[in-house]
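Chemist: Before anything else, here's the structure in question.
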Amino acid sequence: MSLLDAYELTGKEKYRGAALKTAEALMLGQMKSGGWYYSISFDEEERKKWGYRDNQSFKLNPSRKNKTNTTTLDDDTTPAAVRFMVRMDGTLKFKNPKIHDSCMFALNALIQAQHPVGGWAQNWDRHPNKPVWPEYPVLIASYPEDWSREWLNDWTGKYYLNDNVTGNMISTMLLAWEVYGDQEYLNCAKRAGDFLLRAQMPIPQRGWCQQYNEEMHPVWDRKFEPPSLASDETQETIETLMMLFEKSGDKKYLEPIPSALTYLKSSLLKDGQLARFYELKTNRPLYFEVIDGKYHLTYDDSNLPTHYAFKIPAKIEKYEDEYRRLTKEPIRQKSHRKPSQDRIKSIMARLDDRGAWVDSGNMKGYNKASKEGVIESETFVKNVRDLCDYLRATK
């Protein structure tokens, strides 16, 4: 995306060329199931094991999970790849048939995978057939009669907000609608928005959960992700609904926000943060501790594992300001984001003679820090984004 931003702002062909090479690499990782897995193998022998679209010898096992043909929405993996490919397709004026076909194949799979209620599973292992009634009824969220305090390892989640799955999918479909002008992509985004309306929990806990089963009850996912109200997913959903209103103009997507903000305010910890999880019905903050390698639910926050954010910053004031902006008529468009001059000077000063930004740290999988430092794609993306935003705002 950063390369396409740079091309659009400068018109320099070398940036478009680099983006095109990225698109060509991504196409080599597209699965027969429609989307992408976390990584792509470029080794010829290794590729034979995977259900890549160009692997004619790959055979699906109809009775087993085909792990090497998995499309995942986790961590924005497939949605981000699709957004990039769609932007690349538009940049090329739809004249590259391979890229256009890749986009259409992926978007079709994502639409086919959407459940009647409007949500998505986190992953699938073959090109999806449209889920239908009565196996997946359209219901509104409610509390389960009871839930296990211990992780069951049963993976009953059918519809996901965790890792912003639904929000990322809505962003993807809205971009496809803007690029192609096909109403079906907007309709898909709105169906997902309707799912978010249905997924808001009852009074007094008017927030959202990480994942729901087909009965629209919150359920366990990983061993440290219990059935609960989830503050991070609640904040992400508020942001997604405001974005969807701004794009679609449909005011119903703003209706859940006041009660959700009130709920978040009532859930603030003494230090102004939010617990990641709140107990169903009681709204007591839930945490975990690890004893003899096993995760245990607790109300005690004194011995939290460090691999997961069990407390997060509250963004309530930010969302209140944005909600007020959106509810004033007419909608006032956001001004271009403009990083500070100090931030831009810092970015420029850190650029080395090769044109690289080097961070201290180590490569993933290695315990020792590199003396020379490491080049991180995340740093590159953030810095180029800020440079592009600055240029855009000062043009």
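Chemist: Picking from Leu20, Leu9, Leu60, which residue would you name as being modelled with pLDDT under 95 and not in a loop (DSSP other than H, G, I, E, B)?
Modeler: The match here is Leu9.
Every residue, every condition in (1) at pLDDT 85 or above; (2) among the β-branched types (Val, Ile, Thr); (3) on the phi < 0 side of the Ramachandran plot, yes or no:
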| site | (1), (2), (3) |
| --- | --- |
| Lys315 | yes, no, yes |
| Glu320 | yes, no, yes |
| Arg332 | no, no, yes |
| Arg354 | yes, no, yes |
| Val358 | yes, yes, yes |
| Met363 | no, no, yes |
| Tyr366 | no, no, yes |
| Ala369 | no, no, yes |
| Val384 | yes, yes, yes |
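Chemist: Please work out which one of (1) among the β-branched types (Val, Ile, Thr); (2) crowded, with 22+ Cβ neighbours inside 10 Å; (3) farther than 27 Å from Glu378 by Cα is the condition Ile111 fails and give its number.
Modeler: Single failed check for Ile111: (2).
Chemist: Filtering region 23-57 down to residues that are aliphatic (A, V, I, L, M) and part of a helix (DSSP H, G or I), which residue is surrounded by the most Cβ atoms within 10 Å (Cβ to Cβ)?
Modeler: Ala23
Chemist: Out of Asn164, Asn153, which single residue is in contact with a helix residue (DSSP H, G or I) (Cβ under 6 Å, 6 or more places away or on another chain) and closer than 26 Å to Tyr295 by Cβ?
Modeler: Asn164
Residues are listed down the side, and each one gets a yes or a no for (1) surrounded by 20 or more Cβ atoms within 10 Å (Cβ to Cβ); (2) closer than 19 Å to Asp194 by Cβ; (3) assigned by TED's automatic domain parsing to the domain that holds Met201; (4) not charged (D, E, K, R):
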| position | (1), (2), (3), (4) |
| --- | --- |
| Gly249 | no, yes, yes, yes |
| Leu254 | no, yes, yes, yes |
| Ala275 | yes, no, yes, yes |
| Tyr278 | yes, no, yes, yes |
| Asn283 | no, no, yes, yes |
| Tyr287 | yes, no, yes, yes |
| Val290 | no, no, yes, yes |
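Chemist: Mind telling me which of the residues Asp43, Asp54 ends up being of a type in the set (Asp, Glu) and touching a residue at least 12 places away in the same chain (Cβ under 8 Å)?
Modeler: Result of the check over Asp43, Asp54: Asp54.
Chemist: Out of all the residues in region 218-231, is one or more part of a helix (DSSP H, G or I) and in the same structural domain as Pro134 (by TED's automatic domain parsing)?
Modeler: For region 218-231, residues part of a helix (DSSP H, G or I) and in the same structural domain as Pro134 (by TED's automatic domain parsing): present.
Chemist: Then there's this: For region 154-206, which residues satisfy the criterion of being crowded, with 18+ Cβ neighbours inside 10 Å, aromatic (Phe, Trp, Tyr) and not in a helix (DSSP H, G or I)?
Modeler: Tyr159, Tyr160, listed by residue number.
Chemist: Would you pick out the residues in region 129-169 that are among the charged types (D, E, K, R) and under 24 Å from Arg83 (Cα atoms)?
Modeler: Matches in region 129-169: Lys130, Lys158, Asp163.
Chemist: Which one of Tyr295, Tyr253, Tyr263 is in a helix (DSSP H, G or I) and touching a Phe, Trp or Tyr at 6+ places or on another chain (Cβ under 6 Å)?
Modeler: None of the other options fit; the residue is Tyr253.
Chemist: Sort out which residues of region 115-134 are at negative phi, out of contact with any Pro (no Cβ under 9 Å at 6 or more places or on another chain) and either part of a loop (DSSP other than H, G, I, E, B) or not polar (S, T, N, Q) (or both), and write them in order of number.
Modeler: Of everything in region 115-134, those that are at negative phi, out of contact with any Pro (no Cβ under 9 Å at 6 or more places or on another chain) and either part of a loop (DSSP other than H, G, I, E, B) or not polar (S, T, N, Q) (or both) turn out to be Gly119, Trp120, Gln122, Trp124, Asp125, His127, Pro128, Asn129, Pro134.
Chemist: Name the residues in region 60-108 that are buried (at least 20 other Cβ atoms within 10 Å of the Cβ), more than 16 Å from Pro128 (Cβ to Cβ) and of a type in the set (A, V, I, L, M), would you?
Modeler: If the condition is that a residue be buried (at least 20 other Cβ atoms within 10 Å of the Cβ), more than 16 Å from Pro128 (Cβ to Cβ) and of a type in the set (A, V, I, L, M), then Ala81, Met85, Val86, Met88, Ile99 are the ones that fit.
The values are calculated or read from the model by the stated rules, or taken from the named source; none is laboratory data. Note that the structure is a prediction, hence the values are computed from the model and not measured. Every residue, glycine as well, gets a Cβ built from its backbone with ideal geometry; the counts of neighbours run over all protein chains shown.
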